[in-house]
Every structure is written in C-alpha cells, then in structure tokens.
Amino acid sequence: MSLTIPASLSYHATHRRPAVPFNGRKNVGARKSCGIPAQHREGGPQTPGEGVGDGNEGRPAESFNIDDLNPISIGRKSREVFDDVWAQLQRISSPTKRGDLPGRYLRPEFETPGAKGTKVLVTGVTGRVGRVLLRKLLLRGYTVTALVRQRGGEERQTLPPSVRLVTGDIGNYEDCREAVKDVDKVICCATARTSIVSDLERVDVEGVSNIVRAWQDSQNQRARLKHRLSRFAKLELVHFKKPYIGDDWKVQAAPERSTSAGGTGLSRVMRTAGPKDVADMEINEEGVMTFSGAVYTLYNGVRLTGRPAPSVRTGLHLTDGFIIRARGDGQIYTLTIATEAGEEYTAEWVPPPSYKSVRVALASFKPALESLNVSDITSISIGYNASDQTERSSGRSEFSCSIDWIKCMPGGLEPDFILVSCSGATKGLDETARERVIAAKRRGERALRASGLGYTIVRPGALVEETGGYKALVFDQGTRISQIIKDAKTIIPGGVNSPVRAFKSVGGDPIVFDRVKGAYCWDVDGNKYIDYIGSWGPAIVGAAHDEVTAALHAQLDKGTSFGAPCELENVLARMVVDRVPSVEMVRFVNSGTEACLSVVRLMRAYTKREKILKFVGCYHGHADQFLVQAGSGVITLGLADSPGVMASTAAATLTAPYNDLEAVKAIFEANKGEIAGVILEPVVGNAGYIEPTQEFLEGLREVTKQEGALLCFDEVMTGFRIAHGCAQAHFGVTPDVTTLGKIIGGGLPVGAYGGRRDIMELVAPSGPMYQAGTLSGNPLAMVAGIKTLEILDRPGVYEQLDRVTKRLVEGLLKAARDTGHDMCGGSINGMFGFFFAKGPVHNFEDAKASDTAKFAKFHRGMLERGVYLAPSQFEAGFTSLAHTDEDIDATIAAARDVLQHL
C-alpha cells in the first residue's frame, strides 16, 4: 500500500526498488544520486537551516509512481506530471475539490490510487500542520485514525466524523499500541506545546519512540499471525552468539588511508601495525563481542574482519544499510564491507555509551555505494584508526567497543513512517529554550533512525543529506507559498505589488496563485479554492473563459501593443457608449487609478474650480487627491492620509460620510462656488459592501446641478457588474462623467473615463486638458473587453448572477444566525458583502464597528476549507457566471463549519 504525502509539506522519501511504469507510461529510467556531499554525520545539520541545495534545478519533468521513490529516481505522480521534480517538489498537485469538506461533506474529485486500502495514523491532529494533513489525506480517500488527548470531548467536535478517534497520550506506550492497530502508515506530527523539559521529553522524545516501537511491534505481530517474517524484518549479517562464528574472525592491521587529493576510498595497501599497537577480540558467554586495544602511532589502525552469516549467501537480498547493536566509548569506528568484485566500501559510525542500535546507511559509504545485494558480501570488518579521533592523550588511543550483532536493513521499502519534526514553533523563544526544543526533536529523530523503518523526516532547514537510514533527505517543511513570499519580500516592498494582497488584516501568508479557471483558483502548492475575488472584479464571466482566451490567442499573433490607433478601440468604445447612460465619448487608459485622477483633472478643467468632494471609505485609486481622511467634523478639511501627499493637495479634497446628504449640502454651503465636482462609488466596495440609498444618489444629482458642479460615478468596480448599463442604469441616476475599469478589460490592465460630449471634448488633442498613455487602448485589453461584454449581452446573464449571489449571502447570514453570530450583508447581482455586525451598515463609521478580529479568524478558516474570500472585512466580494449551486452549497457548508468553531 502506498501513501501520497500531502503537497502542503515539503518532503523527501527514498528506497531502493527499481522504478516501474505508472499507468502504462514509459519509465524514464534511473537517475543518479542527487549529488549532495554525504558529509553530515548522524543527526544531520547542527542547526535548522544548515545544508546545501539539491543541485538539480531545471531538470525536465518525469513520470513517477509513489512506489518509485528511491535514491536514484525520486518524485511522485498524482494526476499529471509536474515540472522540475527536484527543485520544485512542493508544486506537486493536489487536484481535489477544495469546496468540499472532510467527513460528511467530503466528495473527492480525485483519489490517490490505493488510498482506499491504506489506513493512516496521524498524531498531533489538533495542531496547524496536523489539521492540514488530516484534511488532505481525507480528500485523497485515505482512511484516517487520529490519536488525541482527552479534553472533555471537544476533540470529537473538531474532527471530521469519518476519522477513527483514539483518545490517549503519545507519551504512553499502551495508548500508542491501541492507536496503531491495523494501520499501514504513520504520520507523527505531535509536538510539545511548551519548551518545558518534561513536555518535550513526553512528546518529542518518548512520544516519537513510543509510536515507532508500538507500530513496529504491531506490524511484527501481524506478520507472526500470518506465519511469515514482517516486511521490516532485518537480515542477520553476523550475530556473535551464533555457532557459525569461528576462528575466521581475526584482528589485523588496518589498511593505509589514501592521502591523495580528493581520495574517498582505501588504497588497500596493507602495512604492519606499530610495535606497540595492541588489539583483541573476545566473545563472552552471552554472545557479546568486545573489540578493544590501544593504538600508539597516529596513522596506524586495527580492524576485526570475518565472514558474514551463511544465510546471506543465498537469495537476492537488497539492503538499504546496516544496523549495529553496540555500545562503546564514543569514538569513531569504521564498518567495511568487501564484495565478490574485490571492492571495499567503508563508512564511519559511533557506538553509544549504552546498548543501542546504530544505523549505518548505504549513503554514508565511500566510495559511493548506490545499491547492494547482501549475497555479494564476502567479508565484513570493524575498524579503529587513531587518525580518525579528534583527541589523543599520552600519545596513544585506547578503544573499546562491544557488539551483539550486525543486521541488514531491508531494501525496497517505501517510507512507512513520516515524522514532521517541526521546530518552526521555536520562533520567539530565547536561545536556551530554542536549543532545548531542537535537542529534544533530534533525540526523537534518532529513535526513528534506529528503528529500521523506511522513513521521511520533515523539519526546517535547507536540503541536506544525512547518513541516517534510507538516505533520508531533510529539508524545509514550509510551502512554496511561504518560500515565494519570503523571497518576494527581499525584492518587492512587503512582498506584494498591491497592499491588500499582503493579508495584513487577516494574518498568515497571502495566496500565491499558479492558475485560475472558471470559479476556481489554484495556488503554487496545488491547493484548489472556490474564488470569490475574481481578480478583484474583472472575472465576471469566469476566469480564463474559453472564448476570451481564444480571442486573446488570435490577437497575440497580430501583436501585443501598437502605440497607435487600432480598430479594436473603436469597437469597445462604441460598446461602452451604447450601454452606459452618461457616456457619449470615452478615453481608454491603463488602470482605474489613472481613470480617476484624469477625470478629476477634467472636472477641474471644465468647471475652473479646484476643490473635489469625496466620501469617507470610498477608494478611487492612489492619486494624491484621494488619499485623505475625514476629520472630527463633517465639514473639516481633509488631512493627508499618506506620507508624501502635500498639505495643499489634501486641502483641496473635501470629505463627507457616505449616505449623508445633509453633510454634502453643508459642505457645498461652506465652500460656495469652489467645488468642481463630487466623486463616489455608487455602491461602495472598498469599505466593505455598502449600498446607497436611492434618496442619497438622487439628492447628489440635484445638489451638483444646483451648485454648478459635476457628478462622477466611479464605476471601476460596479461597471457592468451589477447591471448591463452599470450602477447608474440600475439606480436610474445619470452622472456627468463616469470612470470604468476591470470588466471592460476582461482581466487585462485597463481603465476608462467618459461622459457628456461637451465635457470630453476638453481632453487633448480635442481640447486643452492633457492626458496621454503609451499603452492606452492596448489591443489585448480591447479584445478581452469586447468578448467579455459580448458574453454579458446574452439573455439571463444578470438574472443568473443575482440568483447565485443572493443564495450565497442568504446562506451565509443564516449560518451566522444559527451559530449565534451577528452578521449583516447584501448583494446586487454579481457583487456582495457582509460584516460581523448587527447592522445595518450605511457608511464607513458603521463598518468600522464590525468585529474585524472575528472576520480574520473566519477568513483563515474558510481558506483552510478551500474558499478564497477577500482578505479584509472592508472589501466587497464577487461572483461569476462560472459559480454553480454546488459551489455555493459547499461555501455555505464551510462557513457553517467555521462559524461553529469561532
């Protein structure tokens, strides 16, 4: 049975079974070892983060089965072949229907082959890593058992009902025995919640040891009941208690070390030991062999050599290394094997002060040894060289090492045990506490290495090769997302190119996208989400719509930019003019910000006035005149809301509360004949979703006409989203000028401003108000916008958007009521929003009273369940024609599940 390790964790696992084809694909053949120097002793790097890169960047994609994992060819196959298996292993796909929930809501879109027959035990499921692992395993069709501590019964409520629950303590061996019954794989991600020594000892040391021993004992018991050896049974290479040990075991001088540059092997030129060097071998009545003596000359050495057990000479026995049951003085010894081909291979090892099993992996031998058939071994030696030791006293090196037996670890086993030895929780600890945590985790890892199991260890640190069994590779357990964001922060301010993407208000790393399609998006770790952002509005027909992408492909062959007029500009301009009531002429630009700053300049040019009135919470881009905040009174002049905005610029921007017509009238009265125009979002989307009152919009239209000012609807967000003729058609209020963006570019960078002909003819070159742009009217944006508007012209489009969005919002509000949370919200066709507040919310002051901390938790919970919402309480959400009733139902179910645990 095979286990696909979830893609949210970096991992390496190896064994030595030759690669086999997957689903009929031709196997690409064996790969050489990763090329990482085998220079680290048992335990790997001394601190997390040490190590070297894998050196395999840029390799072509290959086909692999999970059963193909081995030191020569490593990777995995889930549904499709992914690029760069070594350098970008974390891009492994997990094409599961992330809108579904584990347990009773689980309907996997994809199941890993063999998953139904594989039972997996997961420890530490109440932690962050454990929860992610549990969800991914369930989505892939595995049967999961969870070992949890008893906490008054709430653990049953927090885990999916399909999980077999075993209550107990990982620090108790008997509890571990109960948990491992009938399981095929183990993922141990339990970790101490504190840095207290007793907690670390119970969980990270004894806990790992207990679960390893319990599961190994369980597997051996199952094998005995079937009257056969366990597949983990080790092949005896030599046992000093057995009768076959005879006079052929002798002490002799060690071969001379090669001193040539870059030498990695033995010269096999024998030399006599010094006159005072002594060594002896003794086997006591209990069958314990003691190899002891003293070496007086620095470059001399001695070794004990004999033949292996007769059983190893029959049959094919591939091995992944050796286990030595020994105790000693803590000095460095060597294990040397000779083969029928006349070759010798040597690895260093250190016997512990008390009897323990020491693993010597094939990866640690020199010269390099990629595979070994035990039947090829003709002799085996235990050696001691004075030159290997770091300390010598009195000009001599005394040594003593006792050995019970040496066994071969079975070859060809896939990883059976995954230890998530995360020490990421050490952040914030002082150095002493951090060292305690790392030391405890190292001890737990050593217990796993000594077990003889096939294993994978996942813990922070760069990719390194360690000598512990199965050539285990240990590297950073962070996701590709965390790695990409970490790198981005070194070259991009805050790691993002627009602040809201940074997840500052909800916490955690932002999502790094790999692709989008329809109502879904996939991150670079392969996780799938139901998308309610839609690129912040443009994806109204669904992301990467086939008709839109086909139109773009056709245009690509003609050119991506002209810097000159093209007929496509006329086509899209005519479509805008025909649909939007206020627009008789239109000018295309490259962004919503550019459209808004241009229209403000136009309003000032037309009226010959300087002041602009905007509303608190409405966002019109990052131009200086818009980055102001309201003061303590509704008539207070604006104050700069961003460093770099001049006071004189801020002073020319007046602010009023949204939906407060009386405040607007008061501001006009206080600034008689000075206000060029009023700009607003007809439906607020940048302070959360806030609808206007009909009286407010109609009142603005009346006041601006009376005062000789222009009225501008910023419909960058609402344009063509809430109605065929935009918000102005929906509410029946026609402004003088309008800004557009997002949807009119079909997902490509675009913006536009338009209005009455007499106003627009002031724009250069028709008039004196200058505005220009190199990429304005870009043919790719034009063709994508044309195709998008054509799709939106089809019958029933806005009715479908309205039905789907209302169903979503009503479901969210009901889920909140049923679970005891205050929530209010609303929608218009494809635009919606909600607040954790009793409501109603009429303006930004009302919105700020909502529970933003609760929203942050809700957002994180929804993200974990595969639902991608805007990462701020103060942002609207968007649906698309691609969203289905199933998507909505899955979203509501996820929300209910999250709300129950807030």
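The values are calculated or read from the model by the stated rules, or taken from the named source; none is laboratory data. Owing to the predicted nature of the structure, the values given are computational and were not obtained by experimental measurement. Here the Cβ is made from the backbone with ideal geometry for all residues, glycine too, and neighbour counts use every protein chain on show. SASA here: full protein model, heavy atoms, side chains in, ligands and nucleic acids out. Shrake-Rupley method; radii C 1.70, N 1.55, O 1.52, S 1.80 Å.
Near Phe834, the amide H atoms lying under 5 Å from its own belong to Tyr689; only residues 5 or more places off or on other chains count, and H is placed 1.01 Å from N.
Would you mind putting 179-186, 132-139 in packing order, based on average other-beta-carbon counts within 10 Å, highest first?
Working: 179-186: 20.5, 132-139: 23.5.
Final packing ranking: 132-139, 179-186.
Most tightly packed first, judged by the mean number of other beta-carbon atoms within 10 Å of their residues, the peptides 868-878, 763-773 read 868-878, 763-773.
Phi angles of the stretch 658-674 translate, via the Karplus equation with coefficients 6.51, -1.76, 1.60 and θ = phi - 60°, into HN-Hα couplings of 5, 6, 10, 5, 5, 5, 5, 4, 5, 5, 4, 5, 7, 10, 4, x, 10 Hz per residue; Gly and Pro are given as x.
Could you compute the FRET efficiency for Arg757 and His553, with r as their C-beta to C-beta distance and R0 at 35 Å, rounded to 0.05?
Using R0 = 35 Å, I get an efficiency of 0.45.
The H on the amide N of Val867, modeled in the peptide plane, is under 5 Å from the matching H of Ile530, each at least 5 residues off or on a different chain. Quick check on the stretch 681-742: take the gyration tensor over C-alpha atoms, sort the square-rooted eigenvalues as a ≥ b ≥ c, and tell me if it's rounded (a/c under 1.5), prolate or oblate. Prolate.
Pairs over the 20 Å Cα-Cα cut-off, from the set Lys136/Lys528; Lys489/Lys528; Lys742/Lys814; Lys242/Lys366; Lys614/Lys672: Lys489/Lys528; Lys742/Lys814; Lys242/Lys366.
Evaluating 6.51 cos²θ - 1.76 cosθ + 1.60 at θ = phi - 60° for every residue in the stretch 894-902, the Karplus couplings come out as 5, 4, 4, 5, 5, 4, 5, 10, 7 Hz, glycine and proline recorded as x.
For the peptides 621-627, 750-756, the ranking by packing is 750-756, 621-627, with the highest mean count of neighbouring Cβ atoms within 10 Å listed first. Accessible surface comparison of Arg803, Arg604, Arg579, probe 1.4 Å, protein chains only, largest first: the order is Arg803, Arg604, Arg579.
In this structure, the amide hydrogen of Phe615, modeled 1.01 Å from its nitrogen in the peptide plane, lies closer than 5 angstrom to those of Ala656, counting only residues at least 5 positions away or on a different chain. Taking the accessible area of the stretch 558-793, probe 1.4 Å, and keeping the other protein chains in place, the carbon and sulfur fraction comes to 52%.
On a per residue basis, the stretch 558-793 carries 38 Å² of accessible surface, using protein heavy atoms and a 1.4 Å probe. Computed from backbone phi, the HN-Hα couplings of the stretch 695-708 come to 5, 5, 5, 5, x, 4, 4, 5, 5, 5, 5, 5, 8, x Hz, rounded to whole numbers (Karplus: 6.51 cos²θ - 1.76 cosθ + 1.60, θ = phi - 60°; Gly and Pro given as x).
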